[in-house]
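Report on the following structure.
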Amino acid sequence: MQDFYRELIVERYKSPRNKGKLEPNDFTFEDDNPTCGDHIRIDVRLDKDGRVSEAVFDGAGCAISQASADLLVESIIGKTVAEVQSLSKQDILDMLGIELGPVRLKCALLSLKVLKSGAYGLSADSE
């Protein structure tokens, strides 16, 4: 089973399905992992009901960071901002399907950090 997930990570790294930029977007955020040089930007567009209608990422880095970003933005389509804000480390680990050491865990979680920062920024802007 681990081999399946490793293949999924390599496939999403080499041929991401959700890479690009959305202009205009309802929220965007980007950040780096300074220890390894990974960079992720996530753009999100909401529909009239406040649900994610489109989401993409852009950036560069290792296979784990790029694959987790691709899987994450795909998983949020149809979710509300509150549901996006409630995503957890375990959600990312479940998507990736493999155990990660501390260094790789930071790579995997960069996209979650970026997404949640954007979502919380949107909430702060609306208050």
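The values are calculated or read from the model by the stated rules, or taken from the named source; none is laboratory data. It should be emphasised that the depicted structure is a prediction, and the values quoted were computed from it without experimental measurement. Here the Cβ positions follow ideal geometry from the backbone for every residue, glycine too, while neighbour counts run over all protein chains shown.
When you scan the range 33-52, do you find a residue that is of a type in the set (A, V, I, L, M, F, W, C), at pLDDT below 95 and in contact with a helix residue (DSSP H, G or I) (Cβ under 8 Å, 6 or more places away or on another chain), even just one? Yes. Suppose the filter is under 18 Å from L22 (Cα atoms), within 13 Å of the chain's Cα centre (by Cα) and surrounded by fewer than 22 Cβ atoms within 10 Å (Cβ to Cβ); does S88 pass it? No: the conditions fail for S88.
Across the range 79-127, the qualifying residues are those that are polar (S, T, N, Q) and touching a residue at least 40 places away in the same chain (Cβ under 8 Å), and the one among them that is nearest to V10 (Cα to Cα) is S111. Looking across the range 1-60 at every residue that is surrounded by fewer than 17 Cβ atoms within 10 Å (Cβ to Cβ) and among the aromatic types (F, W, Y), the one that is farthest from the chain's Cα centre (by Cα) is identified as F4. Check whether at least one residue in the range 88-98 is acidic (D, E) and touching a strand residue (DSSP E or B) at 6+ places or on another chain (Cβ under 6 Å), and report yes or no. Scanning the range 88-98, I find no residue that is acidic (D, E) and touching a strand residue (DSSP E or B) at 6+ places or on another chain (Cβ under 6 Å), so the answer is no. Checked against the criterion of being over 24 Å from L122 (Cα atoms) and either assigned to a helix (DSSP H, G or I) or not acidic (D, E) (or both), the candidates D70, D94 yield just one match: D94.
Report whether or not A63 is crowded, with 22+ Cβ neighbours inside 10 Å and of a type in the set (G, A, S). Spell out the reasoning first.
Values: crowded, with 22+ Cβ neighbours inside 10 Å: no; of a type in the set (G, A, S): yes.
Spelling it out, it is not the case that A63 is crowded, with 22+ Cβ neighbours inside 10 Å and of a type in the set (G, A, S).
Screening T80 with (1) within 22 Å of D26 (Cα to Cα); (2) of a type in the set (S, T, Y); (3) within 13 Å of the chain's Cα centre (by Cα) gives one miss only, at (3).
Would you tally the residues in the range 33-53 being without any contact (Cβ under 8 Å) to a residue 40 or more places away in the chain, more than 16 Å from A82 (Cα to Cα) and in a strand (DSSP E or B)? Spell out how you get there, then give the answer.
Going residue by residue through the range 33-53, those that are without any contact (Cβ under 8 Å) to a residue 40 or more places away in the chain are 34, 37, 39, 43, 45-53.
Now drop any that are not more than 16 Å from A82 (Cα to Cα), which leaves 34, 37, 39, 43.
With the extra rule that they be in a strand (DSSP E or B), the set shrinks to 39, 43.
Final tally of qualifying residues: 2.
For the range 56-74, the condition holds for no residue, the condition being that it is farther than 17 Å from A108 by Cα and among the β-branched types (V, I, T).
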